[in-house]
Amino acid sequence: MHVDRYVPMQVLSEKEAWALFKTKVGNSVDSPELDDKELHDIADAVCKECGGLPVAILAVGAALKGKKKYVWEDVLDQFKDSMLKNIAGIDAKVYASLKLSYDRLESSDAKSCFLLCCFFPEDANISIEVLARHCIARSLLGQNTNTLRRASRRVLTVVDILKDACLLLEGEDENFVKMHDVIRDVALSIAKDDGKEILVKHGVKEWPEKDTCESCSAISLRFDNTLELPDDLVCPKLYTLTMKLKRNINHLLNVPDRFFSGMEKLTILELNRICMLPPLSLANLVNLRMLWLDNCVLGDIAILKDLNNNLEILSLRGSNIEVLPSEIGQLTRLRLLDLGNCYLLTEIPQGVISNLSRLEELYILDESGHWEERSKVNLVELGKLTQLTTLQIHIPNVMLLPKDFCFANLIRFKIVMGKEFDFSGTSDSIRTYSKSCELAGVSLMDKLIVLLMRAEQLHLQKIEGLQEVLHDRGAPSGFFNNLIELTVRDCRLKYLFSLSCARGFPRLQILEIFDCEMMEAIVGIEEEKDEDELSSQRGNPRSSVRHKLTLECQKRRSSVNCTPAEVLQTWSPLERQTPRSSGGTKSKGSRSSVKTPARASEDLQRKILGDGYSRSSVKTPARAEKQQRRARSSVKSSARA
């Protein structure tokens, strides 16, 4: 549903409902021709069966667009047969409409993904990445999805199908989706009718009755306080169990030793803020394919080796482990291992990582910014992971990189290299940018060139040799074609870009500069030919621009020159300008309206440099020398006169 935002709507009148219905099915049902009169009447009856609820109208309309008359007649018959269904809080007509839209999904993958979405909380932004993990762990997708990357692509395709069917809504960004609460209630009912009952409860203060859990295929419980879990739980049909404790609770949940003994079919186990040894009964979960332990207090996890037959996804994110047991190397079917934010982790025994030959995604990054002097993992072992496509890691010293280490196979990465540094206020999620690199206190080397060329997000602090790249001295053509966000902090540069290099950022949207004391200009003009080229482009601004550029610079002194307007035109139109204070925090300001490139760039420069800014204040050695020659020529002409 391609709209800017969603506004809650009440039941529509018949006229409003019909108008909305036609936006989905088209005007063919409203043709004045005699042959279409009967179809018009059937379509009108179908629309009325939707009960005036927009989500139902859109879903049914999407399902029937372009269908023949006999399909419409069949749908009307199904509506009449479905009216006997009674769900508390949902109108029978609305249920029938949404059930019809679900039934008419041609893809079994789409149906499975739709029912999976109701497992998440109401109004939740559902991560497509999490959906893909659940789908692959539950074997909900068809063939040819035997890798996490393929599963993600398939889920993206399925999500588009469900959006087109108006069964899912846009999420906060392209990586998330949402499900309308009415549609979610219908999905829960459909799952129950299919023998796949799902129990989802939030704000739980005491454990549900055992009879409530026994018939469930999936259980999701979010606790508001610590409570005593049952000694054991008999759930012979249970495939997915999620238990999470509210963050502001000081105490963790304790898991009894026999708690998992009656869940032989369990394939997904997600625990958040749970305290466990882990219990011996965990070894009984031989069908477990996904184990997600988030911010848990764990004992000896060597017992996890007993899950080696099927376990493919393992997360110990934020746990208290100090040394990864060597037994983890026996989990040879693992495709994903997440050790992120394990602040106490100091050692991964040699051979553990390289033994996980099927690993596709590896996360070993402490996002607090306080890193060890040595790498937690032997980098030579990473080179042996031929299936690895996603990597998050901190490399304290660039010299630790093996000579033959190759970043080219990585599809998504967040690589942090160098000493401890601070990029507060900048994006820090691999889910924001799929290719992110942060370098601090290192010298640029040839082995990093491939990494920098592929980066979408690049943070640089105290980098040596940066001018060789940003000033276009031997850098490969198209070096920064992929870059969306660039942050530069505390680098000794008189200017950030050369004129020719400044034109090589076709996707750049965000530029941040901090604490660059020597900087005199963002774009420097070193050669006289650069000055002539810049002058020739004035009056001929580039109008075919596609992206927005947010330029956030720290105001240092009035003599610092910003980017010439002519160069900014080759980047993108400026919509928002937010200068940063000396402390690096954003100053308050309202969002300005979209401006033309030339006007926007001048306004930006005034905001950063103060009202004393003028174009003529941009001075370079080439321009100064040229002005001196003109002055001498003028003096000679006067003398001859």
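Computed from the coordinates by the stated procedures, all read-outs in this text should not be read as laboratory data. As the structure is a prediction and not an experimental result, all values here were calculated from the model. Neighbour counts are summed over all protein chains in view; Cβ atoms, including those assigned to glycine, are modelled from backbone coordinates with ideal geometry.
For TYR343 and ASN287, a Förster radius of 22 Å and the Cβ-Cβ distance give a FRET efficiency of 0.10, rounded to the nearest 0.05. Extension gain, ASP231 to LYS192: 0.36 nm times the residue separation minus the Cα-Cα distance gives 11.4 nm.
Using 0.36 nm per residue of separation minus the Cα-Cα distance, give me the extension gain between GLU206 and ASP41 in nm, one decimal.
Difference between extended and current length: 54.1 nm.
Label-to-label distance, ARG258 versus THR386, with points set 7 angstrom from Cα along the beta-carbon direction: 4.8 nm. Could you give log10 I(q)/I(0) at q = 0.10 Å⁻¹ for region 208-362, computed by the Debye formula over C-alpha point scatterers of equal weight, without solvent? Debye intensities relative to I(0), on a log10 scale: -0.34.
Remark: spin-label model distance ASN397-ASP490 equals 2.0 nm, labels positioned 7 Å along the Cα→Cβ axis.
Per-residue Karplus couplings for region 205-221, computed as 6.51 cos²θ - 1.76 cosθ + 1.60 with θ equal to phi - 60°, are listed in order as 10, 8, 5, x, 4, 4, 4, 5, 8, 4, 8, 7, 9, 8, 10, 10, 10 Hz, Gly and Pro entered as x.
Under 5 Å from the amide H of LEU391 lie the amide H atoms of LEU362, ARG412, PHE413, LYS414, each residue being 5 or more positions distant or on a separate chain, with H modelled from the backbone and absent for Pro and chain starts. Residues of region 120-144 falling in the label zone of SER108, defined by backbone nitrogen less than 18 Å from a point 7 Å along Cα to beta-carbon, are 135-144. For the Cα trace of region 158-256, dividing Rg by the Kirkwood Rh returns an Rg/Rh value of 1.03.
The Cβ shell under 13 Å around GLU16 holds other residues with a net charge of +2, Lys and Arg each +1, Asp and Glu each -1.
Provide the gained length on full extension for the span VAL450 to SER500, in nm with one decimal, where the gain is 0.36 nm per separating residue minus the Cα-Cα distance. Before the final figure, lay out the partial values.
Numbers: separation 50, 0.36 × 50 = 18.00 nm, distance 2.07 nm.
That works out to 15.9 nm of additional length.
Here r is the Cβ-Cβ distance between ARG358 and VAL71 and R0 is 41 Å; the resulting FRET efficiency, rounded to 0.05, is 0.35. A Förster distance of 51 Å, applied to the separation of the beta-carbon atoms of GLN143 and GLU322, puts the FRET efficiency at 0.75. Once you reduce region 146-199 and region 244-262 to the center of their Cα atoms, the two points are 28 Å from each other. Taking label points 7 Å from Cα along the Cα-to-Cβ direction, PHE405 and ARG507 give a separation of 2.3 nm.
Sparsely packed loop sites in region 177-253 (the GluC sites (Glu not before Pro) outside DSSP H, G, I, E and B with at most 10 other Cβ atoms within 10 Å) comprise GLU206, GLU209, GLU228.
Phi angles across region 127-137 convert, under the Karplus curve 6.51 cos²θ - 1.76 cosθ + 1.60 with θ = phi - 60°, into 3J(HN,Hα) values of 5, 5, 5, 5, 4, 4, 5, 5, 4, 6, 5 Hz, Gly and Pro given as x.
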